[in-house]
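Chemist: I have a structure I would like to understand better, so I am pasting it below and will then ask my questions one at a time.
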Amino acid sequence: MINVPNEFNFLLLNLRAYISFKIKCLVAYIFNGHFFRKKNIIDYIKTNKRIKIHFGSTHEIPGFFNSQILGKNPINITKKTPFENNTVDTIFSTHVIEHLHKNEILFFLKECYRILKPGGVNIIMTPSISKIVKTLYIDNEIKNRDYLLERQKKWASNTELNSCSYINGVFRNYGHRFILDSSFIKKECEKIGYKNIDVCKNFENPDKNINLYLKEHKKDYGWDLETETFLLFK
């Protein structure tokens, strides 16, 4: 996306991606939404004392209600979720909210607050612009910088593996819409009413099954270097 030759091609690529995504969402909702999703939610609540939701579930986490918008249990997190007020203990997502626009992120944070029980936690893992800038420009750890730039190979040739291209790619590739940091999260979540907003190490989540999931599916050190984990307690 950062190498498109002109604005027309940029708009064309975005339009094609948007239409393709909406068609896939519609198909997933037709086959897995409505009655099937509602039944799965009811069955999950009946068999689990602690209610945990995993949004953006490419791989399932045991003990969680796993939702993937293009697959099983499709839930659009930019809309009202199918859960009652004050009923959920834990919400987890990793590399999901950066695909939303700013106002959609704020809606998602409010919606999570609505469905969480008092004392419940919303665990968000996402690329952090402050952490990325720190790795690329401030720490002066060449090894870490090179690890991070390795993630750029999906979009760029070897001659384009540089910090400038990486920063632009973070904003324009992968379908990203808004890259945030801890200052944004803290300010907006305080407005919403979250009581505590903490940052923890990526593989030291308070949920054991989340940590096992991350160790199995997030082994890329570059991923760790750009990702920050936020714990938002109601």
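Chemist: Could you tell me how many of the residues in region 200-213 are among the charged types (D, E, K, R), in a loop (DSSP other than H, G, I, E, B) and open to solvent by 20 Å² or more (accessible area, probe 1.4 Å)?
Modeler: The qualifying residues number 2.
Chemist: Residues of region 155-182 being in a helix (DSSP H, G or I) and aromatic (Phe, Trp, Tyr), which ones?
Modeler: Hits for region 155-182 are Tyr166, Phe171.
Chemist: Quick one: which residue in Ile197, Ile185 is within 30 Å of Gly120 (Cβ to Cβ), open to solvent by less than 30 Å² (accessible area, probe 1.4 Å) and assigned to a helix (DSSP H, G or I)?
Modeler: One residue alone meets the criteria, Ile185.
Chemist: Same structure again: Can you name the number of the only condition in (1) surrounded by 13 or more Cβ atoms within 10 Å (Cβ to Cβ); (2) small (Gly, Ala, Ser); (3) out of contact with any helix residue (DSSP H, G or I) (no Cβ under 6 Å at 6 or more places or on another chain) that Ala17 fails?
Modeler: (1)
Chemist: Taking the options Glu216, Glu226, Glu190, name whichever one is over 14 Å from Ile2 (Cα atoms) and either of a type in the set (Gly, Ala, Ser) or surrounded by 18 or more Cβ atoms within 10 Å (Cβ to Cβ) (or both).
Modeler: Being over 14 Å from Ile2 (Cα atoms) and either of a type in the set (Gly, Ala, Ser) or surrounded by 18 or more Cβ atoms within 10 Å (Cβ to Cβ) (or both) holds for just one of Glu216, Glu226, Glu190, which is Glu226.
Chemist: Filter region 70-121 down to the residues that are free of Cβ contacts under 8 Å to residues at least 60 places away in the same chain and under 25 Å from Phe203 (Cα atoms) and list them by number.
Modeler: Within region 70-121, Ile77, Val88, Asp89, Ile91, Ser93, Val96, Phe108 meet the criteria.
Chemist: Can you tell me which residue in region 47-93 is surrounded by the most Cβ atoms within 10 Å (Cβ to Cβ), limited to those that are closer than 18 Å to Glu111 by Cβ and among the hydroxyl-bearing types (Ser, Thr, Tyr)?
Modeler: My answer is Ser67.
Chemist: Inside region 36-152, counting only helices (runs of 4 or more DSSP H) that do not spill past its ends, which hold 3 or more residues that are of a type in the set (D, E, K, R) and modelled with pLDDT of 95 or more?
Modeler: Answer list for region 36-152: 102-115.
Table: residues versus (1) surrounded by 19 or more Cβ atoms within 10 Å (Cβ to Cβ); (2) small (Gly, Ala, Ser).
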| residue | (1), (2) |
| --- | --- |
| Leu106 | no, no |
| Leu116 | yes, no |
| Gly119 | no, yes |
| Ser130 | no, yes |
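The values are calculated or read from the model by the stated rules, or taken from the named source; none is laboratory data. Only a predicted model underlies this, so the values are computations on that prediction, with no experimental measurement involved. Backbone-built Cβ (ideal geometry, glycine too); neighbour counts: all protein chains shown. SASA here: full protein model, heavy atoms, side chains in, ligands and nucleic acids out. Shrake-Rupley method; radii C 1.70, N 1.55, O 1.52, S 1.80 Å.
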